[in-house]
Structure formats: C-alpha cells, structure tokens
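Everything below concerns the one structure shown next.
The values are calculated or read from the model by the stated rules, or taken from the named source; none is laboratory data. These figures come from a predicted structure and were not determined experimentally. Using ideal geometry, Cβ is built from the backbone for each residue, glycine included, and neighbour counts are taken over all protein chains shown. Side chains included, ligands, DNA and RNA excluded: accessible areas come from the protein's heavy atoms. Shrake-Rupley method; radii C 1.70, N 1.55, O 1.52, S 1.80 Å.
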Amino acid sequence: MGLERSEHIGDILVDPRYSDVVYAASQGPLWADGGDRGLYKTTDGGATWQLQSADGLPTGWTAGWFNAELTAVPGREGHLVYTPGRLNEAVFPMYQSLDAGVTWTQVRGTSQIDAIGFGAPLEGFDEPTVYIAGSVNAVRGIYRSSDLMATWELVDTTAGGIGAQIDSITGDPEIPGRVYVGFSGVSVMQGDEG
C-alpha cells in the first residue's frame, strides 16, 4: 500500500479533517542507501505517496530519524509542525506548513527539537499554546509560544535535572499554563505557570 521501500517510519499523522490524507516521516533502510526517505503525503488513503521534501524540507536520512515528530496545530486547519529530529552532531530546525504540507518554512531560531506539544491558550490569547523541548537561539530548554511560534518564552532550562532527556511534552488542554514533560521512559513532571 505505498512506501514499499520505507522500511522504517519515524512518525505518522492522519489529517483530523480528511482521513484519506496522511503524512509519513520515512527513515528508509537503516544500514543502506536508497529506499523511500523523507516526508511523504498521500491524499488517497495510501494508494499513492508524494515526497514533500522538495518544498522547503531537508531530504534523505535527515527527514525521518527516530525522534522525528509531525503534528497538527489544534483548531488550525492545514497548520502542520514538523521536526526531522537529530542524530549525532547534525541538528535541524523545526518547520511549519500553513497550507496542509504544500510548502514549508523554518520556525525562526529553533534547533534540536526533541518534543512538540500543545495546550490551552494562555490568558489573553486565542491560539493554542505551543510547547517545545529543544533550542531557541542556541539555548536549550523548555519553551512555550502563545502566538503560534512567532516568539518564544523560556520556561525552564533544567527540567528533570542536568542531562535528563525529554521524550515528550504536552500542555493541558483545559488548564492554561500547565505543561507535562516525559523523560526517557522513567518519569513525568507537571509544571504550572507562576
């Protein structure tokens, strides 16, 4: 059913509006060249796939590493967020698409993004709060944005202790300012604004 040479998929996202539209971050073969590598999109339920990397995204091995993450912004039709992840010394920024994956742009200042999540809008804002674990302007930490990634606020630099690896992050959908952070399968922390 398509992507026969992908072998490994880093992440999959089904469009919340149209179930025939699916995105796949494909790693391809781990120990060989070739294969289906990159961010792919199908509009026919997987019968055919189109490589999206030609429209502003990195190509090849980088497009679907083990920690690649692809998600849709809640309540924002066609607004997707993608990070190819990182491996060894190579790092990449986070990308966003405002047109359901047709074109992509880098999210300014971001790199080494380990996790992306969304939560309830902060007081005085209408958009969902975006949370990331990664680097903004070369400073590692947990960040949030209340204006759909135009600006970032540093929330914490040492959540879980020095050297803790953050694997997941999400905001509470009902409580503004509350964030949950998961660490390498060993613990989860909750943080509240203030």
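Laid out as a table, the results:
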{"read-out": "Check on residue 91, within 21 Å of residue 180 (Cβ to Cβ) and of a type outside the set (Phe, Trp, Tyr)", "value": "no"}
{"read-out": "Subset of segment 59-76 (residues that are open to solvent by 20 Å² or more (accessible area, probe 1.4 Å) and modelled with pLDDT under 85)", "value": "59, 60, 61, 62, 66, 67, 69"}
{"read-out": "Any pair with Cβ under 6 angstrom, 6 or more apart, that starts in segment 110-137 at a residue that is farther than 12 Å from residue 179 by Cβ and ends at one that is open to solvent by less than 30 Å² (accessible area, probe 1.4 Å) and acidic (Asp, Glu)", "value": "134/114"}
{"read-out": "Every residue from segment 123-138 that is more than 19 Å from residue 71 (Cβ to Cβ) and not small (Gly, Ala, Ser)", "value": "123, 125, 126, 137"}
{"read-out": "Some residue of segment 166-183 being modelled with pLDDT under 85 and farther than 15 Å from residue 131 by Cβ", "value": "no"}
{"read-out": "Segment 87-102: number of residues that are modelled with pLDDT under 85 and more than 12 Å from the chain's Cα centre (by Cα)", "value": "8"}
{"read-out": "Cβ pairs under 7 Å, 6+ apart, first in segment 13-35 and open to solvent by 40 Å² or more (accessible area, probe 1.4 Å), second modelled with pLDDT of 75 or more and not small (Gly, Ala, Ser)", "value": "14/22; 17/77; 20/43; 20/44"}
